[in-house]
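Written below as structure tokens is the structure these notes are about.
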Amino acid sequence: MRAILVRELRLLLWSPSGALLLSVWTFLTGALFLLELTAFEQAEQRALQLGDPSVLALLDFNDLLLAAVSQHLIVVLLFLGPLIGARLFGDGASREWLLHAAPSLRAIVMGKLGAGVVVVAVLVGCTLALPLFLSVAGQGTQGEGVVVDPAQTLLAALTVTLAGSAFVVVAAVVAARSQAPLAAALGSFLLLLVLWLLPGAAGLLPPELADVVVFVSPASHVENGLRGLLSFGDLLWFGSLIGAAGAGCGVALDGARR
Amino acid sequence: MSNVVTARGLGHGFGGEVALVDVDLCLRRACITGFLGKNGAGKSTTMRILAGVLIPACGSVIVDVDGRSCRAHSAAARKSIAWAPEEPAVHPGLSVREQLRFAQALRGEGDVDDVIAALHLEPVVARLCGALSKGTRQRVGIAQALLTRAQVLLLDEPTAGLDPTEVEALRKLLLRRRDEGAAILWSSHVAAEIEAVADDVCVLHRGRMVHHGERATLAQALTALHAGPAAKKAEATS
């Protein structure tokens with residue numbers, strides 16, 4: 001498993017496509033962070049002009065800015081996750097040779113999916129530099145230092161990592177069943193987009209069906225984490241999804257033998 | 001000499017098209033078996049079944065692993081078999097050395113430097129596999145198979161893209177592995193190539209095994225094979 005994990009990480013991160021992925025990610029997350037920060041500062045300025053301390057107190061940096069940026073990161077991962085997942089199982093010749101040379105299906109699946117999860121964690125880890133830099137060098141509108149809540153920040157990062165990992169593993173299942181990586185990436189993106197937007201359609205459905213639809217959507221399981229609340233139900237949901245995707249990849253690879 | 005791989009009654013198809021029909025095949029220790037057949041005869045499908053990456057629709061493949069009988073797709077059998085597919089299983093984004101190190105780590109054995117030297121890959125070890133010529137990629141694919149001390153080597157069209165010097169070097173290397181006790185299945189659609197290297201010969205035609213015997217019987221098998229369609233055509237026109 002370790003050999004496959006290391007190889008996939010090498011190909012995903014230490015390669016021209018890896019450099020492109022990191023560049024796109026860094027640029028997008030930096031730009032989104034800057035946009036949200038500017039909007040937050042403008043809101044603070046307006047609250048100061050009103051001269052009402054209660055309005056200013058409502059503008060919590062951690063609650064507003066971190067949650068909004070994390071939400072944006074999840075949307076970016078909705079696009080990148082399918083590409084990473086499809087890349088994991090995209091090479092047909094290597095995949096067949098792995099079936100021959102790897103000690104077990106489990107080693108292939110865990111190595112590849114593990115690499116996908118590590119890549120998402122690395123991407124999200126890079127973005128932690130932004131709040132860290134702000135807490136060290138930033139200044140509030142009244143000259144005070146910016147207080148970044150480390151627990152809330154890390155919990156938001158964990159939530160984004162879990163959501164991104166879920167996107168990658170779902171795409172990996174689709175790619176493991178497919179011979180065309182690009183079609184697999186597109187198909188899994190559409191599937192994930194529908195799943196993400198499902199809660200919006202819940203109001204149109206009967207209540208019992210609406211509950212199921214809301215539960216199935218990953219969007220329903222990121223809200224607590226982004227607000228800094230640890231929910232074991234959500235952790236279990238993401239853990240189950242990743243486990244089920246692992247089993248799905250195993251079944252797809254075994255099916256390729258027949 | 002005992003059989004290390006015994007395939008009985010192999011049959012397989014793809015999307016309703018029959019690829020193999022009732023194929024029997026035995027590989028002996030310390031023996032090179034030439035596997036002859038035209039393109040599309042079913043050689044690669046047979047190889048993939050023996051390598052454990054394809055489970056046949058019917059029939060069975062038993063591999064003798066240290067006296068134990070194992071199915072071809074079992075982990076023990078796959079560990080004792082090394083397969084070099086026709087399309088080399090190398091990733092274009094990895095260097096030659098990285099690719100071989102990966103194969104070594106996966107199989108848990110082998111000496112990368114030895115195999116690089118044996119296949120004269122030193123000048124290209126740092127180059128990406130995607131930037132190599134077809135013949136060099138082929139040699140890297142073969143190097144992956146020769147990396148381990150597997151008791152069975154399955155080489156699917158190993159000389160495709162190689163120049164005569166490289167073919168000769170590969171032949172010597174494989175003869176040495178044979179003398180060390182390996183059972184080697186060498187597929188090709190060129191009869192002269194098989195005749196030069198094989199101890200045993202089997203001929204596959206349209207998914208059926210039409211001949212399996214010692215090298216001396218190859219000419220007779222080929223005559224029968226070529227006469228077969230001509231005779232059938234003559235019969236049909238009469």
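The values are calculated or read from the model by the stated rules, or taken from the named source; none is laboratory data. Everything numeric here is computed off the predicted structure, so don't read it as measured data. Neighbour counts are summed over all protein chains in view; Cβ atoms, including those assigned to glycine, are modelled from backbone coordinates with ideal geometry. The accessibility values were calculated without ligands, DNA or RNA, using every heavy atom of the protein model including side chains. Shrake-Rupley method; radii C 1.70, N 1.55, O 1.52, S 1.80 Å.
Of note:
- Net charge over other residues, Cβ less than 15 angstrom from the Cβ of residue A:214 (K, R count +1; D, E count -1): -4
- Cα radius of gyration and Dmax for the range B:87-149 (Å): 10.1, 28
- Taking every alpha-carbon pair under 8 Å whose residues sit at least 6 apart, the range B:87-149 reaches a relative contact order of 53 percent.
- Centre-to-centre, using Cα atoms only, the range A:164-185 and the range A:1-25 are separated by 16 Å.
- Here, the range A:201-258 yields an orientationally averaged convex hull projection of 5.7 nm² when only Cα atoms define the hull.
- Spatially close lysines, pair count over the protein assembly as shown: Cα under 30 Å, gap of eight or more or interchain: 15
- Close amide H pairs (under 5 Å, H built 1.01 Å from N) link residue B:119 with no residue at least 5 positions away or on another chain.
- Accessible surface calculations at 1.4 Å, restricted to protein heavy atoms, place the protein assembly as shown at 46 Å² per residue.
- Cβ-based net charge around residue B:12, under 13 Å, with every Lys or Arg adding one and every Asp or Glu removing one: +3
- Over the residues of the protein assembly as shown, the helix contribution to mean residue ellipticity at 222 nm works out to -19000 deg cm²/dmol, using -39500 (n - 2.57) for each DSSP H run of at least 4.
- 5 angstrom amide H check on residue B:65, placed H, neighbours 5+ away: B:70
- Within a Gaussian network of chain B (alpha carbon springs, distance under 10 Å), most fluctuating of B:102, B:14, B:35: B:14
- Within the accessible surface of the range B:1-127, defined with a 1.4 Å probe on protein heavy atoms only, the carbon and sulfur portion equals 50 percent.
- Helix B:218-237 axis versus longest C-alpha principal axis of chain B: approximately 50°, rounded to the nearest ten.
- Subtracting the Cα-Cα distance of residue A:27 and residue A:60 from their residue separation scaled by 0.36 nm leaves 9.3 nm.
- Between residue A:210 and residue A:15, the modelled label-to-label distance comes to 4.6 nm, taking each label 7 Å out from Cα in the direction of the beta carbon.
- Solvent-accessible area buried by A and B, counting both chains, probe 1.4 angstrom, square angstrom: 2200
- Gaussian network model of chain B, Cα within-10 Å springs - most flexible of B:45, B:136, B:217: B:217
- Working note: Karplus 6.51/-1.76/1.60 with θ = phi - 60° gives the range A:220-233 the couplings 6, 9, 9, 4, 4, x, 5, 8, x, 9, 8, 10, 5, x Hz, where Gly and Pro are set to x.
- To put it simply, the accessible area of the range A:53-114 at a 1.4 Å probe is 70 percent carbon and sulfur.
- C-alpha long axis of helix A:150-176 to longest principal axis of chain A, angle in °: 30
- Amide H within-cut-off set for residue B:181, under 5 Å, with H built and near neighbours excluded: B:30
- Rounded to the nearest Hz, the phi-derived 3J(HN,Hα) couplings of the range B:161-171 under the Karplus curve 6.51 cos²θ - 1.76 cosθ + 1.60 (θ = phi - 60°) are x, 8, 7, x, 5, 5, 4, 5, 5, 5, 4, where x marks glycine and proline.
- Simple label model, 7 Å out from Cα along Cβ direction - residue A:247 to residue B:57, nm: 3.0
- Cut-off 11 Å (backbone N to label point 7 Å along Cα→Cβ of residue B:69), residues of the range B:2-29: B:6
- Each Cα pair under 8 Å and six or more residues apart adds its sequence gap; the mean of these over the residue count of the range A:40-163 is a relative contact order of 33 percent.
- Three-way shape label, the range B:101-185, alpha-carbon gyration tensor, a/c 1.5: oblate
- Summing Lys and Arg as +1 and Asp and Glu as -1 over all other residues whose Cβ lies under 14 Å from the Cβ of residue A:180 gives a net charge of +2.
- Minimum 30 Å² accessible area buried by the other protein chains, the range B:65-87 residues, probe 1.4 Å, relative to alone: B:78, B:83
- Positions from the range A:231-258 whose accessible area shrinks by 50 Å² or more when the full protein complex is built, not the chain alone, probe 1.4 Å: A:257, A:258
- Table column - 3J(HN,Hα) (Hz), the range A:4-10, Karplus curve with 6.51, -1.76, 1.60, x for Gly and Pro: 5, 4, 5, 4, 5, 5, 4
- Sequence-separation-based contact order of chain A, relative, with Cα cut under 8 Å and 6+ spacing, percent: 25
- Seen against the Cα atoms of chain A and their longest principal axis, helix A:16-50 is set at about 20 degrees.
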